[in-house]
Amino acid sequence: MRSIRVAVAATLIVSLTACGGATSGAGEDKPSDGAKATVNLAINPWVGYEANAAVIAYILEKKMGYPVEKKELKEEIAWQGFETGEVDAIVENWGHPDLKKTYIEDKKVAVEVGPTGNDGIIGWYVPEWMTQQYPDITDYKNLNKYANLFKTSESKGKGQFLAGDPSFVTNDEALVTNLKLDYTVVYSGSEASIIKAAQQATAQKKPLLFYFYEPQWLFAKEKYVRVKLPTYTEGCDKDPKKVACDYPDYVLDKIASKKFADANSTAYQFIKNFKWTNDDQNIVSDYLTNQGMDDDQAAEKWVNEHEATWKPWVPA
Amino acid sequence: MTPMIAVADLWKVFGPRAERVPGSALADLPRAELRARTGCLAAVRDVSFEVRPGEVFVVMGLSGSGKSTLVRCLTRLIEPTSGEISIGGEPVRAMTPKRLRDLRRRQVAMVFQHFGLLPHRQVLDNVAYGLEIQGVTKAERHRKATEMLALVGLDGQEHHYPDQLSGGMQQRVGLARALATDPEVLLFDEPFSALDPLIRRDMQAEVRRLHAEVGKTLVFITHDLAEALTLGDRIAVLRDGELVQVGTPEELVGAPVDSYVADFVRDVPRSDVLTLRWIVRDPAPGELVEDVPLPHGTVIRDAVHRVMRAERPIQVVDGEKRLGVIDADQMLAALVSHHRQVPA
Amino acid sequence: MSAPTLTRPGGRVLEKAAEADAPRRGGATRRRTAGTVLIVLAVVAYLVFRTDGAPDSDDAAAFRFFDSVRDWVDANRDTSPFFLYGINYVRLGVRLLVDVVQAGLYGLGFAGLVAAVSAIALVLAGWRTGLLAFLGFLAFGVLGLWDESVDTLVLTLSAVLLSVLIGVPLGVLAARVRWVGATLRPVLDVMQIMPTFAYLAPMTLLFLIGEPAAVIATMIYAVPATIRITALGISEVPPTAVEAATALGSTRWQLLSKVRLPMARTTLALAVNQTIMLALSMVVITALIDAPGLGQNIVNALERVNVGAAFNAGVAIVILAVVLDRITTNAARQTRIHHARRSRLIQTGIAIVVVIAAALVTINPESLPQWSAAAPVNDLVGWIELHWFDATEGIKNRVSEFLLNPLESVLVTTPWWLFVAAVAAFGTLVSGWRAALIAALSAAGIAGLGLWQHSMQTLATVLVAILLTMVIGVSVGVFCARHDRLATAVRPVLDAAQTMPSFVYLLPAVALFGNSRFTAIVAAIIFAVPPVVRLVERGVRDVPPTVVEAALSAGSTPRQLLWKVQLPMARGGLLLAANQGIVMVLAMVVVGGLVGAGALGYDVVAGFSQRELFGEGLAAGLAIVLLGILLDRLTQGFHDSKGPRR
């Protein structure tokens, strides 16, 4: 297989010189024989995504006989992968109208493959104990009153608002400015460190105001309450600098590369059919995070217990 | 007879815009002043000499006198600033790079103070290097190299690496390497000054032997007067880049042109170098002499016995010509005079 | 004049060093007064002109410019001849190289590759190294990281091949052709102070994501060392040998191939060694732009704060680093020993047969007994978090409160022009006006990029980190210099620490301190202390024994000896350590953006993970480079060594 790839690449270079330049997708063509080609799944950096990918990869590999390659990529980079041929599918996409415009409409290297069945919610949260102690804290208008509670070593004398991974799309800095909040946005660097901070906040009753989202396994274990921001209206987040409203609700969907979709393999059809609930995802996420299982073990457990859910996804 | 090497008006000036110095007023400045005025260093100043085929020509001077620069100018290892050089009648400065390389490959070889051996090659391949770069086949160059190693007395050391040999042996390798290409001229740049005195003497003997056997033209650089006197047919004394005197050892010791040379040769035992012609006196009128005269080329020391035992002065002759006579007085003067007790 | 003529090396350099040293002695008191005046002036100016430290706009002109560059590239990637005939071919060529290397390594199979690496180690570096390589590569299988390790090896080797192909000829030219050397020097200087992070975004812009971009980024990171050390090796070839070969009529090419290169081969082997080590540490980081291998495991584990999983990958990286390092250093050492050719031939022959036989055997690495450190390490981390939480949190808060925050708020509220002026003034005082000019221009450039606040935050973190690094490094270094037994014990630890890729150092820091700026500081300290210790120790040990003897015979106490003799005389070593340390610290603090250190490092990561932030990310990368140049130039005056860094 690899030697074929080498040969293909070599001949490509020669032939391309003859007929005028190399495009960005050159050299990425897969051998188009009847064998089941490797499915390249992007893995975005949050556990819910990983749960989707774990189950999809498990069924593709173990039940359908496809080789699967998982690639740890941040969202934007995963989209670039459609262009280079490094990525066949993204299996939990949060909105990204700009990327859709670039890669689906303009470059025509990707296509939408329908919702995952999960509803996405992004918001500002505090641990439940705080709402008992400070009942009015769940309204953003009162946040300044409590800013002192949230001071940390990182927050420059203001209250700390804890955000996550740099690759997440957020409006938090704009919101802090535009809502005139006395807070500093501090980036923890990853989903896992937000979760850790949240757990500590609950366990040790430490104040914490943070960026969080559903579906999310943690909600099944501990309670966190969303802070009310000005209601989202269509288009209120159009100018990222002037945002002063809450995050919209997302319908999470799947994206595939054009090439992968056009080949219309059973793997593609399977990914197209994939659809489950937030609860399903939270179960697998919990396996992954708290039960010490790796991707395959977690997926195997869920697949064994939910045959009725996934059987219909597999094309006959 | 055409000289093997002829050097005329040779200048080497280091520094910025060096080419303006020779032939201008700057050329007459003393070294230090030239340096202060222009930042240039005149290493070789207006040097001319000729080397005859088969001759051993020694260039002698203190360190910094420009002798190493001079010898490197001969094959343009250092590019001369001005002047003429010819080797075997062919002007060297006009040579194309290719012809110059050819000269270095076939006609002129060099032996260096610090040997310049290639540490990553065995002795055999070091000696064969010159042939290798000429494209000689491996078998042929190894045969020749083995032969050369035998000639310098290194049989059986072929497969050692240079750093496994003593300094003297390394320099023998250097010598063999220079001989391997069968050049007409051998240049020696202070080849033995890095060696221990005993080994140095061996090596000097070796050079004399080789010169007798292979009869090449030798240009030999040294700062060691004894070495110069032992080896040289003629000696050139260099000082601050200028040629002070060229002559046979005898001429240098017997008739130094200035105090510099005189100072140089001051410690030389005159009786070892000078011949009888340097100490003859005119016979007194009616003076009786020994029957058998001495030839004028006899070194003083070799005549001591006869002169001291003779009852009368002995005549010194050049063929038929009578140069004068010597007796014990001249002898004794010559034997003690080389040590001036009082500084001049 | 085209026949090879000889020049005398060395003379100029000495002269220059002497010049640079001369004025410093005389003006010491004057400089001290000037320094005091400047400090007072700066404080007054700061108090008068202090700003409120408003956050950076996210819409600076520079960001828009970079965004427009990105848009142009995106739009023209498949149409512009620059890409069609240039960049895209480079990408294809590198991909071909990677595929060939990959096909080769995977083609050998598990048993074949283990045998091949062991055999190479055996033949090149002796049986001890062979055994080490054998066990090391088996360990990849045992850790369950075989494929990842091989992928990392593939990328490393590809990048090293490229670096050698490009770097060795350039190094030779730099050593032999004056203008090439003079042109390359500043370029290499900048390349070497460029933190790894700054490369990534431009790489993805030109070469997209994936192995080719990763290999090229790695090559850019590693090739300065290849060039520098090659040039050093070539220029160190004894002139006598070259002269002798010239006198025998060698052509230029013969001089190079038969004299210079073979005589520099020990140094060349060292160049390859350094190239491999640098490449390995960079390859791990390129996981961020979709390079496969162990870096993926580490990135993944960092995102999940799963220190145990990262530990496994870290162990594999360290093993790979140690094996490659030992093979190449010992091979370099062996080049000095003369072997009988025949025994070598026989060894090689047997090795080849064994490798071929092993390649035919199919062993699945997963069938080896498996072992993982993940669970125990995670337990340990859990325990530490539980029991040490107050202590670690205390240290973190203390440092943040009393060092980091005050410094950061001063820097952040300093108007940019005052900062530039201060840099220029102090730079002139410390490093001369030329260095000061470059440093001041860099500072102005940072302001022009529109990332002033973030740059100053990063700078504050860097300064605190370098302060702590120097305190720790100097104490340990001095201690080692005065206690031989301790030094012997510490040396292997330093050796190991210097072979590890920088990424690995994030792990213990994260385990202890969670995600914060202080985490980045801790990682930077762990990263930079070993070389500082080394330089300080050498500096103190290099103090001539006669001086020490004289001081002792005058009746100095050990403390007086240290403060009045050894430390002042080791000044050069200390300052060099500060210069090297500061560049390493900057590189690490920026990587700390991945673990909550924010500021420029965060901007870079955000830049290549979010489309809207691309311009800002690229600007941040540039700001990091400028910050690096600024810090390097300001401390450059401390020493005048132009030798290879790191």
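Observations on the structure shown:
- Of the criteria (1) away from chain A (no Cβ under 14 Å); (2) under 30 Å from the mean Cα position of the chain (by Cα), which one C:TYR46 fails: (2)
- The set of residues in the range A:52-65 being over 20 Å from A:ALA110 (Cβ atoms) and over 18 Å from the mean Cα position of the chain (by Cα) consists of A:TYR58, A:ILE59, A:GLU61, A:LYS62, A:LYS63, A:MET64, A:GLY65.
- Contact annotation: residue pairs with Cβ atoms under 8 Å, 6 or more positions apart or on different chains, pairing a residue in the range B:171-184 that is open to solvent by 10 Å² or more (accessible area, probe 1.4 Å) with a partner that is of a type in the set (D, E, K, R), are B:ARG172/B:GLU206; B:THR181/B:ARG105; B:THR181/B:ARG106; B:ASP182/B:ARG106; B:GLU184/B:LYS216.
- Helices (runs of 4 or more DSSP H) contained entirely in the range C:341-409, each with at least 2 residues that are within 14 Å of chain A (Cβ to nearest Cβ): C:374-387, C:389-399
- Matching option when the condition is aliphatic (A, V, I, L, M), out of contact with any Ser or Thr (no Cβ under 9 Å at 6 or more places or on another chain), in the same structural domain as C:GLY107 (by TED's automatic domain parsing) and surrounded by 12 or more Cβ atoms within 10 Å (Cβ to Cβ), among C:ILE319, C:ILE352: C:ILE352
- Counted residues, the range B:147-166 - those being of a type outside the set (S, T, N, Q) and under 18 Å from B:LEU118 (Cα atoms): 10
- Members of the range C:66-83 found to be more than 11 Å from chain A (Cβ to nearest Cβ) and hydroxyl-bearing (Ser, Thr, Tyr), listed by number: C:SER68
- Residues that are facing chain B (nearest Cβ under 10 Å), among the basic types (Lys, Arg) and crowded, with 17+ Cβ neighbours inside 10 Å within the range C:230-264 comprise just one, C:LYS258.
- The single condition among (1) touching a residue at least 60 places away in the same chain (Cβ under 8 Å); (2) of a type in the set (Asp, Glu); (3) outside any strand (DSSP E or B) that B:GLU33 does not meet is (1).
- Residue that is surrounded by the fewest Cβ atoms within 10 Å (Cβ to Cβ) [pool: residues in the range C:70-126 that are in a loop (DSSP other than H, G, I, E, B) and polar (S, T, N, Q)]: C:THR79
- Screening the range C:297-315 for residues that are within 11 Å of chain A (Cβ to nearest Cβ) and over 19 Å from A:GLN291 (Cβ atoms) and picking the one that is surrounded by the most Cβ atoms within 10 Å (Cβ to Cβ) gives C:ILE298.
- Matching residues in the range B:48-69 - criterion: being of a type in the set (S, T, N, Q) and outside any strand (DSSP E or B): B:SER63, B:SER65, B:SER68, B:THR69
To keep it simple, each residue is scored yes or no on (1) hydrophobic (A, V, I, L, M, F, W, C); (2) modelled with pLDDT of 90 or more.
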| residue | (1), (2) |
| --- | --- |
| A:GLN269 | no, yes |
| A:ASN278 | no, no |
| A:VAL284 | yes, yes |
| A:LEU288 | yes, no |
| A:GLN291 | no, no |
| A:ASN304 | no, yes |
| A:GLU307 | no, no |
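- The set of residues from the range B:55-79 being within 21 Å of B:THR2 (Cβ to Cβ), in contact (Cβ under 8 Å) with a residue 60 or more places away in the chain and within 11 Å of chain C (Cβ to nearest Cβ) comprises B:VAL71, B:CYS73, B:LEU74, B:THR75.
- Tally of residues being at the interface with another protein chain (Cβ under 9 Å from one of its Cβ atoms) and either touching a residue at least 40 places away in the same chain (Cβ under 8 Å) or under 29 Å from the mean Cα position of the chain (by Cα) (or both) across the range C:90-106: 9
Table: residues versus (1) at pLDDT below 85; (2) over 23 Å from C:TYR46 (Cα atoms).
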site: C:LEU418; (1), (2): no, no
site: C:VAL423; (1), (2): no, no
site: C:LEU441; (1), (2): no, no
site: C:GLY445; (1), (2): no, no
site: C:THR458; (1), (2): no, no
site: C:MET470; (1), (2): no, yes
site: C:PHE479; (1), (2): no, yes
site: C:ASP484; (1), (2): yes, yes
site: C:VAL490; (1), (2): yes, yes
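- Counting only strands (runs of 3 or more DSSP E) wholly contained in the range A:32-129, the ones carrying 3 or more residues that are of a type in the set (Val, Ile, Thr) occupy A:110-127.
- Residue among A:LEU149, A:LEU175 that is hydrophobic (A, V, I, L, M, F, W, C), more than 10 Å from every other protein chain (Cβ to nearest Cβ) and free of Cβ contacts under 8 Å to residues at least 60 places away in the same chain: A:LEU149
- Considering (1) of a type in the set (Ser, Thr, Tyr); (2) at pLDDT below 80; (3) under 28 Å from the mean Cα position of the chain (by Cα), the lone condition that C:THR329 does not fulfil carries the number (2).
- The residue of the range A:84-104 that is nearest to the chain's Cα centre (by Cα), among those that are at the interface with chain C (Cβ under 7 Å from one of its Cβ atoms) and surrounded by 20 or more Cβ atoms within 10 Å (Cβ to Cβ), is A:LEU99.
- Yes/no for A:GLY65 being surrounded by fewer than 16 Cβ atoms within 10 Å (Cβ to Cβ), modelled with pLDDT under 80 and away from every other protein chain (no Cβ under 11 Å): no
- The range A:164-220 - residue that is assigned to a loop (DSSP other than H, G, I, E, B) and of a type in the set (Val, Ile, Thr) and, of those, farthest from A:GLN132 (Cα to Cα): A:VAL169
- Test: residue in the range B:149-159 that is at the interface with chain C (Cβ under 10 Å from one of its Cβ atoms), open to solvent by less than 30 Å² (accessible area, probe 1.4 Å) and in a helix (DSSP H, G or I): no
- Within the range B:82-126, tally of residues that are β-branched (Val, Ile, Thr) and either farther than 30 Å from C:ALA264 by Cβ or in a loop (DSSP other than H, G, I, E, B) (or both): 4
- Conditions (1) within 23 Å of the chain's Cα centre (by Cα); (2) buried (at least 19 other Cβ atoms within 10 Å of the Cβ); (3) at negative phi; (4) basic (Lys, Arg); number of the one not met by B:ARG101: (1)
- Note on the range C:265-278: residues that are surrounded by fewer than 20 Cβ atoms within 10 Å (Cβ to Cβ) and either free of Cβ contacts under 8 Å to residues at least 24 places away in the same chain or of a type outside the set (S, T, N, Q) (or both) total 1.
- Residues that are under 27 Å from the mean Cα position of the chain (by Cα) and in a helix (DSSP H, G or I) within the range B:276-320 comprise B:LEU276, B:ARG277, B:TRP278, B:ILE300, B:ARG301, B:ASP302, listed in sequence order.
- Residue-level analysis places C:ARG265 among those that are assigned by TED's automatic domain parsing to the domain that holds C:THR156, under 30 Å from C:GLN498 (Cβ atoms) and not aromatic (Phe, Trp, Tyr).
The values are calculated or read from the model by the stated rules, or taken from the named source; none is laboratory data. Worth saying up front: this structure is predicted, and the values here are computed from it rather than measured. For neighbour counting, all protein chains shown are included, and Cβ atoms are generated from backbone atoms with ideal geometry for every residue, glycine included. Side chains are part of the model used for accessible areas, which takes the heavy atoms of the whole protein and leaves out ligands, DNA and RNA. Shrake-Rupley method; radii C 1.70, N 1.55, O 1.52, S 1.80 Å.
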